[in-house]
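This report concerns only the one structure given below.
The values are calculated or read from the model by the stated rules, or taken from the named source; none is laboratory data. If you're wondering where the values come from, they're calculated on a predicted model, not measured in any experiment. Quick reminder, even Gly has a Cβ in these numbers, built from the backbone with ideal geometry, and neighbours come from all protein chains shown.
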């Protein structure tokens, strides 16, 4: 498989579902349709789902994910509108937290574009758009996790797996104490921490914990999207070189023919000159 996600989250999730399975996902904070995407691999396998992304990447999501439901809204514990601090040059840093935005501006040097965006709850989104069971839910919202989870209805809508970014933005420090009780109290079990995300499975699927017990490894038979792209480019260059090698003998033969033609040009020119002189003399004689 090709892994598109930033920390092999899709590799771990891929262990849980049969090869030809066509499932349904919800991705809150989807960002880019390919780069760093938890769902890109599954979409390429025929899955579909809901992508929620308030940033400027939404247009790209809409173009590249026509089979998905794409929503340009924010997710929180209430409906309405909210201040969204968007970083067009680094969409992954976009946030609802003013402190996080200040850090990205003053410490990381990024330009911010604050604006108001519509807000919906996860429960409302699922009631409106999730017309089938949810296989996994991914949440990557840069410090807004508790609000997203507080607006969910895990009684009516129960994703089989939940993946939540669990470190403070821009650091590796743990940041799940404030929201994990909401997940556990909803009937989910902690399964794995990959250094960035925490994975949870439903009580009903507790046997899946064993499948998530180890990090992505060689036995998962995957290659990163970046490496795959490099391999494709290298193969393309190899084919071009092989084509050039095939054309080289033809080019050499044409060069030899051209050389012979060029060598004969003085003789042809001399012959033409003689014919002009002969014709001219015959004309004068008449």
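For residues in the range 82-106 being free of Cβ contacts under 8 Å to residues at least 12 places away in the same chain and loosely packed, with under 12 Cβ neighbours inside 10 Å, which is nearest to residue 164 (Cα to Cα)?
To start, the set of residues in the range 82-106 that are free of Cβ contacts under 8 Å to residues at least 12 places away in the same chain comprises 99, 102, 105-106.
Now narrow it down to the ones that are loosely packed, with under 12 Cβ neighbours inside 10 Å: 99, 106.
On the way: 99: 21, 106: 27 Å.
Checked the range 82-106; the qualifying residue nearest to residue 164 (Cα to Cα) is 99.
What about residue 148, is it under 25 Å from the mean Cα position of the chain (by Cα), buried (at least 21 other Cβ atoms within 10 Å of the Cβ) and modelled with pLDDT of 95 or more? Taking the combined requirement at face value, the residue satisfies it.
Determine, yes or no, whether residue 269 is assigned to a helix (DSSP H, G or I) and farther than 30 Å from residue 2 by Cα.
On the way: assigned to a helix (DSSP H, G or I): yes; farther than 30 Å from residue 2 by Cα: yes.
Criteria met by residue 269.
In the range 1-102, which helices (runs of 4 or more DSSP H) lie fully inside it and hold 3 or more residues that are modelled with pLDDT under 95?
Details: elements: 9-14, 40-44, 58-64.
So the answer is 58-64.
Is it fair to say residue 117 is within 23 Å of residue 32 (Cβ to Cβ) and touching a strand residue (DSSP E or B) at 6+ places or on another chain (Cβ under 7 Å)?
Details: within 23 Å of residue 32 (Cβ to Cβ): yes; touching a strand residue (DSSP E or B) at 6+ places or on another chain (Cβ under 7 Å): yes.
So residue 117 fits the description; yes.
Residues of the range 108-128 that are surrounded by fewer than 12 Cβ atoms within 10 Å (Cβ to Cβ) and touching a residue at least 60 places away in the same chain (Cβ under 8 Å): 108 alone. Contact map, the range 4-23: residues that are without any contact (Cβ under 8 Å) to a residue 24 or more places away in the chain and on the phi < 0 side of the Ramachandran plot paired with residues that are surrounded by 13 or more Cβ atoms within 10 Å (Cβ to Cβ) and part of a loop (DSSP other than H, G, I, E, B), Cβ distance under 7 Å, separation 6+ or inter-chain. No pairs are found.
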